[in-house]
Amino acid sequence: MSQANLNIYTSNRMEILVEQLAQIIRTPLPSPLAPEIIVVQSRGMERWIAMGLAEFNGISANCCFPFPNVFLESIFKKVKPDLPEISPFDPAALTLRLMRIIPDCLNLNGFENLRSFLADDNNQQLKLFQLAGKIADLFDQYLVFRPELIFEWEAKKEKKKPPHIWQARLWRELVGEIGNWHRARLRKRLFQQIKQLSLDTSSLPARVSIFGISYLPLFHLQAYAELSRLFDINFFMVDPCKEYWSDIVSDREITKNRRKNPKIAENVEWYHLERGNRLLASMGTQGRDFFDLVTGFDCPIHEQFEEPEAQSVLACLQSDVLNLRDREGSDVNGLEVSENLAGSSGAAGKDESIQVHSCHSPMREIEILHDNLLAMFEEDPELLPRDVIVMTPDIETYAPFVHAVFGAQSDEILRIPFSIADQSYRRENRTIDGFLALLDTADSRFGAVQVVRLLEYSGIKEKFGLKESDLKIIERWIKETHIRWGIDETSRIEADLPGYPENTWRAGLDRIILGYAMPGESRTMFNGILPFDNIEGSETQVLGRFLEFVDRLFLWSKTLGETKKLSDWQKTLLALIDQFFRPEENTEREFQLLRQALDDLGDKEVQANFQDGIEPRVIRFFLKSYLEQNNYGAGFLTGGITFCAMLPMRSIPFKVICLIGLNNDAFPREHRPLNFDLMAQHPRTGDRSRRNDDKYLFLESIISARQKFYISYVGQSIQDNSRIPPSVLVSELLDTIEKSFESTDSHIIEHIVTHHRLQPFSAWYFRADSGLFSYSTENMLAGSGANEKKEPLPFFDRRLPLTAEESDKWKKIDLESMCRFFNNPAMFLVQRRLGIRLEDEALLSEERENFELQPLEGYLVGQNLVKSLVSGVSLIDFKPIQKAIGQLPHGHVGDYYYADVTIEVQNFVRQIEKYIAAEVLDSIEIDFETADFDFSGRLSPVSDFGCIHIRYGRQRVNDLLKTWIYHLVYCHTAPPDYEKNSYLICKDAAVQFEPLADSLPLLAALLQIYRQGLEIPLHFFPKSSFEYADAVLSKSKPETTALLQAKKKWVGSEFAKHARPESKDPYYDLCFRQFDPFDKQFKKLAIKVFEPLLAHSRKIKR
């Protein structure tokens, strides 16, 4: 039957098609106010057409660009004017209706599989929602691809076997509720009215153009063909080949047919199994089927094809596809099988129209792409960033690397403008992540890390008046009060766990609040709460704001954990945004998107008439799915380079088309159908195939590239540099090039494929004969020094003299700073003078209970118990205090460890009872001058035995040094009637320091060392230095032996797994990694520090 008003325009060039469209729309429509309707498949195509029409016609205005479904829906509303604005057959609304219908049908015959899947468990409603969503999407596809199946179900003529039985029953239940005016029936009604001439044509458009769509289901094609009886419809389609190519078959299809039919294998030529063009036959399946459908209409076809002008490998491939030519195996149109491609630049070896780059990682792909684009811009001054498009199968993975490389160029000459399209709403901003993280607290454990991380999201900490620096203070409070997880003991009971209050938020916050009001000194409790002492007055505002946040969070967690109707969820979540986020101008778009998603909840409740309660986990799943949808079209064609996803029907021509991330496992993408998908069980020509979509998309990309076609993939292992194959489509392209062309000087593939180095600063990128290049000055400088066998400069290569102002500052020293210096002189210098800290930031407590005492915690508990016993506190009375601190395991395990440590502590204290029983004297305030230093501090505890230091642990060199420095100060400042002995008492040893008549010269010597250590790292390492000095002075060992022992202590032993050797200290490593520090200075300092210490100390029995 003739479609008189249907015209099909085909070309291999999109530019020709848009020019033909421009010529057509120059003829004005009957009504000057009527819009020009141009049906497109993407917003990117819409922008490109609008710019093309403006270029040819001087202006592009009053054009409407609906998608195919939207346009058909507008026509269906002419057929049935009372159709609702949003179809009741919208998959989102169908999902909610199915959630209500499915449970009522589970006991019917044929529903056994569904009944088994939805067996009672904690996630039943979530599983129901997910299942209903899959079924709703499937029904929506049936309406387009299997409308006859829908009509059979409605007539109760389905096959009497699963899954036909339960799908048909569910469908009839749906249409029983909402009627049967779905799009399959509306299309049928439309055809009837067109045939009967009963459709009012006055409201129909006079002309519709369908542009750049490389695939439409037969459902839509038939509808447009019928509509062409009423008004003009013009199809504009890119056809890669001007010859008839519907009967060509790929090598794979030929092999498959040979296996099925032995006669074909014997007489292949009889069956005319022609490949035509290798690439077209292999990758053009979808286009071939679509053109078969289109050319089946009785309508004029206007063809206008154009040979590629350039002489390059890319242009020859495009020409071969256009002319259905295959250079492999025979002479075609007078061309040799393998010819030397000679263009304006000479041989194919210099032809860069097709480039394939094998890289080690996605990051390297983007770095290499950046360099190659700069080379293209330098080579062709007329090439602009807007002439380049970069597509990838996984835009979410590559977007951060794009920002890291293209967005971080400090040199304006190397900066390339760009935009990233097609990212999901969630990936484009952190505000949505913060909103979803708040929803996740509904049934969470409220771990310390999780709660603090909420404040890191944009808008939340600002809502409560907190700054980035305040988070460090909050983390310190949480760590030191040992908050781990759980609101309080009640929340733990609700989680079916023992209701211990220790390590909960309530226990920790009560300690912090009480600590602000009163001191506790780790021994005084008030109403069962131990005050937290380490809070300063200046931090009270931070505390108040943090408490407001935590209280509001805990209160809302209960609200978010309730089951609600969709409309109630809408109100609750809108209020949640107001309660936890401070809107700002740069985040207004994100909040608008969130509100739009929440408004959609209320609309869906009305559309689906769904009044059941929705569990929190279902609402979270819905919102996450909604917000993770790709925002297709946003950021497309904005003037710079466009980075976007590889989507079907993006055959927009660009001078340079780049495809990145074409890895073997990434492209073409696979789609796994549901096991109850009736279309997948019985596929037909014209059905969508994700794999065929990607194949045709790759072919369209080759056809659409005007100058260069660039491909990159991860083709080398980052671990061992082994080769990794690319996508099969890339391999097929390379195979075609290899069999069709040859280079005059080497293998053609060696010129097409570039295998890159692991690092961007590799010297190969800066050698003239390597074939590699880079525009990075930084990488060049780094690469130029990579092969020089020059030792790196030490961190300190000269002294760092103190200025006069600094000298005055550092002359004031307190006792604790002096001890801290000799613990690690390199750390003291780097931290105090340079302001550099190498340690990782203090992590929050682990989000789990202690089940045993770790060595450090065991030491801290034991030290606390010793202090309690020494101060006269009963360990029984001290137990609640120790539990309140939060270091002990919970319950009986903690009781066991406490009892075990108590026995050990009591034995230890009993052994040192004579020192404990001594009379405690007044502490000594220190304030004197010596060796041009102002010394200050406080000496305690002091008794009639002398200055006593008790440590419930093994004796360390740092303890000896600290006690020695204290002893020197004590001997100088103690009143004449004080005993001038000092004692260091540990679990494994005890040392007594003898009285000194004049300790100032020894203290002055240490201060001189301290003064030197403020300007340059000293070769003094307490453990190693003591090992050397003790061997020489106490054990009379030869100097070489002593030095060897010191070096062993420096590097550590493999048997001491829990003890970090001094050489692994980050500050020692920073200052001494380039050389051996065991020199004359090391030996001199070791003797100078430890000789007087050893001479005036002796081991004693406890």
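The values are calculated or read from the model by the stated rules, or taken from the named source; none is laboratory data. In this text the structure is predicted, and so the values were computed from the model without any measurement. Neighbour counts run over all protein chains shown; Cβ positions are idealised from the backbone, glycine included.
Among the residues of region 874-892, are any within 25 Å of residue 970 (Cβ to Cβ), crowded, with 19+ Cβ neighbours inside 10 Å and touching a residue at least 24 places away in the same chain (Cβ under 8 Å)? No, region 874-892 contains no residue that is within 25 Å of residue 970 (Cβ to Cβ), crowded, with 19+ Cβ neighbours inside 10 Å and touching a residue at least 24 places away in the same chain (Cβ under 8 Å).
Note on region 1012-1047: among residues that are in contact (Cβ under 8 Å) with a residue 12 or more places away in the chain and charged (D, E, K, R), the one that is farthest from residue 827 (Cα to Cα) is 1039.
Tell me, please, whether a residue that is modelled with pLDDT under 90, within 27 Å of residue 325 (Cα to Cα) and assigned by TED's automatic domain parsing to the domain that holds residue 350 can be found in region 701-710. Can you show your working first?
Here is the first cut: in region 701-710, the residues modelled with pLDDT under 90 are none.
Looking for residues that are modelled with pLDDT under 90, within 27 Å of residue 325 (Cα to Cα) and assigned by TED's automatic domain parsing to the domain that holds residue 350, one finds none in region 701-710, hence no.
Can you name every one of the helices (runs of 4 or more DSSP H) wholly within region 979-1063 that holds 3 or more residues which are among the β-branched types (Val, Ile, Thr) and over 30 Å from residue 936 (Cα atoms)?
Details: elements: 1000-1013, 1022-1029, 1039-1051.
In region 979-1063, the matching helices (runs of 4 or more DSSP H) lie at 1039-1051.
Out of 468, 548, I need the residue that is in contact (Cβ under 8 Å) with a residue 40 or more places away in the chain, surrounded by fewer than 18 Cβ atoms within 10 Å (Cβ to Cβ) and not assigned by TED's automatic domain parsing to the domain that holds residue 869. Which one? Before you say what the answer is, go through the steps one by one.
On the way: 468 fails: in contact (Cβ under 8 Å) with a residue 40 or more places away in the chain.
So the residue among 468, 548 that is in contact (Cβ under 8 Å) with a residue 40 or more places away in the chain, surrounded by fewer than 18 Cβ atoms within 10 Å (Cβ to Cβ) and not assigned by TED's automatic domain parsing to the domain that holds residue 869 is 548.
The lone criterion from (1) at pLDDT 85 or above; (2) under 23 Å from residue 891 (Cβ atoms); (3) under 32 Å from the mean Cα position of the chain (by Cα) left unmet by residue 495 is number (1). Scanning region 349-398 for residues that are in contact (Cβ under 8 Å) with a residue 40 or more places away in the chain, more than 30 Å from residue 426 (Cβ to Cβ) and acidic (Asp, Glu) turns up 351, 352, 371, 380, 387.
State all residues of region 361-391 that are farther than 17 Å from residue 758 by Cα and out of contact with any strand residue (DSSP E or B) (no Cβ under 7 Å at 6 or more places or on another chain); if no residue qualifies, say none. If the condition is that a residue be farther than 17 Å from residue 758 by Cα and out of contact with any strand residue (DSSP E or B) (no Cβ under 7 Å at 6 or more places or on another chain), then 374, 375, 377, 378, 379, 380, 381, 382, 384, 386 are the ones that fit.
So that you can scan it fast, the table gives a plain yes or no per residue for (1) under 25 Å from residue 100 (Cβ atoms); (2) at pLDDT below 85; (3) out of contact with any His (no Cβ under 9 Å at 6 or more places or on another chain):
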| site | (1), (2), (3) |
| --- | --- |
| 527 | no, yes, yes |
| 531 | no, yes, yes |
| 545 | no, no, yes |
| 554 | no, no, yes |
| 585 | no, yes, yes |
| 589 | no, yes, yes |
| 599 | yes, no, yes |
| 605 | yes, no, yes |
| 608 | yes, no, yes |
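Being among the polar types (S, T, N, Q) and in a helix (DSSP H, G or I) is the filter; apply it to region 604-625 and report the residue that is surrounded by the fewest Cβ atoms within 10 Å (Cβ to Cβ).
Going through region 604-625, the residues among the polar types (S, T, N, Q) turn out to be 607, 609, 611, 625.
Now narrow it down to the ones that are in a helix (DSSP H, G or I): 607, 625.
Numbers: 607: 21, 625: 12.
Of everything passing the filter in region 604-625, 625 is surrounded by the fewest Cβ atoms within 10 Å (Cβ to Cβ).
Within region 501-515, the set of residues being touching a helix residue (DSSP H, G or I) at 6+ places or on another chain (Cβ under 6 Å) and surrounded by fewer than 20 Cβ atoms within 10 Å (Cβ to Cβ) comprises just one member, 501.
Contact map, region 399-418: first residue touching a residue at least 12 places away in the same chain (Cβ under 8 Å), second residue among the acidic types (Asp, Glu), Cβ cut-off under 7 Å, separation 6 or more or different chains; pairs are 405/367. Only residues that are closer than 17 Å to residue 968 by Cα, hydroxyl-bearing (Ser, Thr, Tyr) and either touching a residue at least 12 places away in the same chain (Cβ under 8 Å) or part of a loop (DSSP other than H, G, I, E, B) (or both) were counted in region 794-823, giving 0. Of all residues in region 387-445, those being of a type outside the set (Asp, Glu) and assigned to a helix (DSSP H, G or I) number 26.
So which helices (runs of 4 or more DSSP H) are wholly in region 679-784 and hold at least 3 residues that are more than 22 Å from residue 366 (Cα to Cα)? Hits in region 679-784: 690-704, 728-740.
Residue count for region 708-730 satisfying the condition of being surrounded by fewer than 22 Cβ atoms within 10 Å (Cβ to Cβ) and closer than 27 Å to residue 311 by Cα: 1.
Kindly establish whether residue 655 is over 27 Å from the mean Cα position of the chain (by Cα), basic (Lys, Arg) and either at pLDDT 85 or above or in the same structural domain as residue 125 (by TED's automatic domain parsing) (or both). Can you show your working first?
Working: over 27 Å from the mean Cα position of the chain (by Cα): yes; basic (Lys, Arg): yes; either at pLDDT 85 or above or in the same structural domain as residue 125 (by TED's automatic domain parsing) (or both): yes.
When the stated conditions are applied, residue 655 passes them.
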